[in-house]
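What follows is one structure encoded as structure tokens, with my remarks underneath.
Any read-out appearing in this document is the output of simple, stated calculations on the displayed coordinates, not a laboratory observation. As the structure is a prediction and not an experimental result, all values here were calculated from the model. Quick reminder, even Gly has a Cβ in these numbers, built from the backbone with ideal geometry, and neighbours come from all protein chains shown.
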């Protein structure tokens, strides 16, 4: 099992005044990749919901399909 750090923890680390520039960039990159993966996973899971569950969360099939087709880097 892979242990991942959540974005707030990475951003807190990034706010440290002692981090060298390269380390700060690495932390920001890790935070971005973490956020991208969370979006990708959410969109994949959204694609598995049936119409009844989509209605429960207030989405139509068309809205869900449009969201699923979005690129992971778009919020």
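Round to the nearest 0.05 the FRET efficiency obtained for residue 38 and residue 60 when R0 = 22 Å and r is the Cβ-Cβ distance. Write down the numbers at each step before the final one.
Working: r = 23 Å, r/R0 = 1.06.
About 0.40, to the nearest 0.05.
Contour minus end-to-end for residue 45 and residue 26, with contour as 0.36 nm per residue of separation and end-to-end as the Cα-Cα distance? Net length gain for the segment: 4.0 nm.
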